[in-house]
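The values are calculated or read from the model by the stated rules, or taken from the named source; none is laboratory data. The shown structure was predicted, so the numbers you read here are calculated from the model rather than taken from an experiment. Note that each Cβ is placed from the backbone with ideal geometry, even for glycine, and that neighbours are counted across all protein chains shown. Ligands, DNA and RNA are excluded from the accessible area calculation, which covers all protein heavy atoms including side chains. Shrake-Rupley method; radii C 1.70, N 1.55, O 1.52, S 1.80 Å.
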Amino acid sequence: MKRKIAVLANGWNNISISQALKGIRSVTDKLNIDIFLFLSFAAFAHSEARNKGDDSIFDLSDYTEFDGVILFANMLNSEATPRRLAQRIAEKKLCGVSVGIPYEGLSFVGIDNYKGMYDMVDHLVKEHHIKNPAFFAGAKEHPDSQERLAATKEALNLNGIELKSENICYTNWEYLTGIEYAVEFCKRPDPPDAFICANDHNAIAVCIGLNSMGYSVPDDFIVTGFDNISYAETFFPSITTVYQDYEKIGYIAAWQLIEKLNGTSHSDHIVVSSSFVKNESCGCKKIAEGEPRRHRFCIDSYKKEMDNIIFQAQEVEMTTSIFNCSTYDQFRSNLFQFYSNNSTFQGDEFYFIIDENTRKNLIQSSSPIKTQYSDKMHCLVARKKGQVSAPGEFPRKELIPGYTKDDKPVVYTFSSMHFDEYLFGYVVTSDSIENIRDRTLNMYMIQMNYNIEQYRKNCRLDEMNRTLLNISNTDQLTGLNNRFGMNQNALPILESSHKKGIPCAVVFVDINRMKYINDNFGHLQGDLAIRTVASELLGSIPKEWVGIRYGGDEFLAVGACEEEDRVKTIVKDIQDNLEKHVASMKLTYPLTVSIGYILSDPSSESSLIDYVNKADSLMYRNKQRTYEKED
């Protein structure tokens, strides 16, 4: 039977995870194994609620349906999340490999951050004679940040240099924070002579901050990074850094997992070394050496810029096409229509899946959205090999509706749709590693999450407006339409009927001797009489008709009607049903009504009020006859 494995990672590490997946696939593709990549976009700079929503993708499955799990623990931008996931994997006795952080019950692939960092800092002292460096760390509690700081301190100490505490700052891996600290540090009376950064993004941020102050790297300051991302070699100056071979790491993690599954594992603990890469930012490479790479980068950047413009245009079209509505059925229809005509991602498969709680909320906004996935999902769009369908409801444990193990291996990427910690569902794409690398998937998820939340707010506002309109249309005593409601709901019936050449019935109902009831039995009994007549009127007319409280004790019923006999039947039903109801109530006063009706003429220019007045006149004649009989 074809195997499938789960990979848990963070998309902000786009280069590293892309490289790691390449290494994993060099193993799994040969063995025809499917990869289910659960990808969060949590970041230290984001709110706790937003990160919780992103990390919820790791709780979509219990992983018991998988043959094994690879956890990129050092990527998850959290201490608690990888620890919790590792504990779950171990408790369920699943075959698991943790990358970057060791956990009990899981095999381990470590990365020797220490050696690469130590060698680089030792080089800075011995070859470039730095004496007063600054260290820009990532997050204070992140193990990678701690290890890189420890290696820096040791390399400096062994060379007789102390890393001053005031020269250590924590950027939480944030670009803007790196720029701000660089500007602040270079303004000091005794500024650092080198900026040693815990990753390349911080190093680039420092270079930009120094450049904004008129300084040059490496002429005025030396700057180094870590990770050897693609921008490190194409930036000006190219960044001296440390290379972690994530392709090799992914390859080893995959083989370690396969050997564990096969019972042939030789080691549960493997460490991959890192290596120091000399570039222009420490002065070791000449500018001319980096020019060919930068030339290629310029060409690729232009292409990427054009791709981004096209992608942004598609986003605008997506927003307009899908979310320009206020009902769930229309939203579902728009979504299906859009993805029938558009393909955002490169792979053969795409699935847009919403949670059952979200579906209920989009139908009725008072239904709450939850912070945990329900057991029921709804696939609104499934695109597979050019065919688009809407599979609808399926159990969450299936993850992908109609999933079958094809002849060729596939990488499925799962990303959470959410607003803060409240979950909307998830998106599945296939073989979209390049979309992860160039951040297209990340941008898409940000836009989609924003769109759905705005759409929910619009639906809520629309629902509130309908409620307010209903309140303004409704008579509070009887629940029937009031006169404003007559214009909003009865007039369209008349106009629509006349367009079709169909007459409209206008029935006028008036309570007999209402003043007598109020004067002798009080207004509470008068209100009871009004509610009773309204109830029987509403219960006797067809559902497509409109019932109206026209005045104090006056009522209307309006509806399309081609035959007078049908109106006569309705009038008789009103009177008969009222008589039965009154008899059961044992009232101490008589409660009857007089009724007049008229059928409209579709070819006439008469208004609804004209027909109401005519029906009122006919009702009055009937009332007079009733009073004459009683007298």
Residues within region 187-226 that are in contact (Cβ under 8 Å) with a residue 60 or more places away in the chain and of a type in the set (Val, Ile, Thr), tallied: 5
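Please verify whether Phe276 is open to solvent by 80 Å² or more (accessible area, probe 1.4 Å), on the phi < 0 side of the Ramachandran plot, at pLDDT below 95 and not in a helix (DSSP H, G or I), treating the condition exactly as stated. Explain how you work it out, then say what you get.
On the way: open to solvent by 80 Å² or more (accessible area, probe 1.4 Å): no; on the phi < 0 side of the Ramachandran plot: yes; at pLDDT below 95: yes; not in a helix (DSSP H, G or I): yes.
Considered against the rule, which asks whether it is open to solvent by 80 Å² or more (accessible area, probe 1.4 Å), on the phi < 0 side of the Ramachandran plot, at pLDDT below 95 and not in a helix (DSSP H, G or I), Phe276 comes out as no.
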Residue that is nearest to Ala20 (Cα to Cα) [pool: residues in region 61-80 that are in contact with a strand residue (DSSP E or B) (Cβ under 8 Å, 6 or more places away or on another chain) and of a type in the set (Val, Ile, Thr)]: Ile70
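Any idea which of Glu162, Glu147 is over 16 Å from Asn113 (Cβ atoms) and at pLDDT below 95?
On the way: Glu147 fails: over 16 Å from Asn113 (Cβ atoms).
The match here is Glu162.
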Would you be able to say whether some residue in region 364-372 is loosely packed, with under 15 Cβ neighbours inside 10 Å, within 17 Å of Phe414 (Cα to Cα) and either in contact with a Lys or Arg (Cβ under 7 Å, 6 or more places away or on another chain) or of a type outside the set (A, V, I, L, M) (or both)? yes
In region 174-201, what count of residues is obtained for those that are part of a loop (DSSP other than H, G, I, E, B), over 23 Å from His123 (Cβ atoms) and either over 30 Å from the mean Cα position of the chain (by Cα) or among the aliphatic types (A, V, I, L, M) (or both)? 4
For Val206, state whether it is outside any loop (DSSP other than H, G, I, E, B), of a type in the set (Val, Ile, Thr) and buried (at least 24 other Cβ atoms within 10 Å of the Cβ). yes
Of the listed residues (Ser389, Ser301), the one being over 25 Å from Arg456 (Cα atoms), polar (S, T, N, Q) and open to solvent by 40 Å² or more (accessible area, probe 1.4 Å) is Ser301
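Does Asn167 fit the bill of being surrounded by fewer than 24 Cβ atoms within 10 Å (Cβ to Cβ) and closer than 12 Å to Ala137 by Cβ? Spell out the reasoning first.
Working: surrounded by fewer than 24 Cβ atoms within 10 Å (Cβ to Cβ): yes; closer than 12 Å to Ala137 by Cβ: yes.
Taking the combined requirement at face value, the residue satisfies it.
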Criterion: closer than 16 Å to Met619 by Cβ, free of Cβ contacts under 8 Å to residues at least 40 places away in the same chain and not charged (D, E, K, R) - qualifying residue of Gly547, Gly552: Gly552
Answer from Asp34, Asp29, Asp62, Asp54 - the residue that is out of contact with any Phe, Trp or Tyr (no Cβ under 9 Å at 6 or more places or on another chain), within 26 Å of Glu247 (Cβ to Cβ) and either at pLDDT below 95 or among the acidic types (Asp, Glu) (or both): Asp29
Per-region count, region 111-169, residues within 20 Å of Cys284 (Cα to Cα) and of a type in the set (D, E, K, R): 6
Looking across region 507-523 at residues that are open to solvent by 60 Å² or more (accessible area, probe 1.4 Å) and in contact (Cβ under 8 Å) with a residue 40 or more places away in the chain, the single one that is nearest to Lys543 (Cα to Cα) is Arg513
Restricting to region 393-414, and then to whatever is open to solvent by 60 Å² or more (accessible area, probe 1.4 Å) and outside any loop (DSSP other than H, G, I, E, B), can you tell me which residue is nearest to Ser56 (Cα to Cα)? Lys397
Criterion first (free of Cβ contacts under 8 Å to residues at least 60 places away in the same chain, under 27 Å from Ser374 (Cβ atoms), of a type in the set (Gly, Ala, Ser) and open to solvent by 10 Å² or more (accessible area, probe 1.4 Å)) does Ala80 satisfy it? yes
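Any residue that is in a helix (DSSP H, G or I) and open to solvent by 50 Å² or more (accessible area, probe 1.4 Å) - is there at least one of those in region 422-432? If you could, list the steps in order and put the result at the bottom.
Going through region 422-432, the residues in a helix (DSSP H, G or I) turn out to be none.
Among the residues of region 422-432, not one is in a helix (DSSP H, G or I) and open to solvent by 50 Å² or more (accessible area, probe 1.4 Å), which makes the answer no.
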Looking at region 84-101, is at least one residue touching a residue at least 60 places away in the same chain (Cβ under 8 Å), buried (at least 23 other Cβ atoms within 10 Å of the Cβ) and under 21 Å from the mean Cα position of the chain (by Cα)? no
Can Gly283 be described as free of Cβ contacts under 8 Å to residues at least 24 places away in the same chain and at positive phi? no
Which numbered condition Lys285 fails, given (1) outside any loop (DSSP other than H, G, I, E, B); (2) closer than 30 Å to His129 by Cα: (1)
So in region 1-29, with the set limited to residues that are more than 17 Å from Tyr412 (Cβ to Cβ) and assigned to a loop (DSSP other than H, G, I, E, B), which one is most open to solvent (accessible area, probe 1.4 Å)? Met1
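Which of the residues that make up region 261-286 are under 16 Å from Thr241 (Cα atoms) and out of contact with any strand residue (DSSP E or B) (no Cβ under 9 Å at 6 or more places or on another chain)? Please lay out each step first, then the result.
So the first thing to find is which residues in region 261-286 are under 16 Å from Thr241 (Cα atoms), and the list is 273-286.
If the condition is that a residue be under 16 Å from Thr241 (Cα atoms) and out of contact with any strand residue (DSSP E or B) (no Cβ under 9 Å at 6 or more places or on another chain), then Lys286 is the only one that fits.
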Among the residues of region 478-506, count how many are in contact with a Phe, Trp or Tyr (Cβ under 8 Å, 6 or more places away or on another chain), under 29 Å from Ser367 (Cβ atoms) and surrounded by fewer than 16 Cβ atoms within 10 Å (Cβ to Cβ). 0
Residues being crowded, with 18+ Cβ neighbours inside 10 Å, in a helix (DSSP H, G or I) and acidic (Asp, Glu): count how many of those fall in region 433-477. 0
I'd like to check something: does region 511-525 contain any residue that is in contact with a Leu (Cβ under 8 Å, 6 or more places away or on another chain) and closer than 30 Å to Ser603 by Cα? no
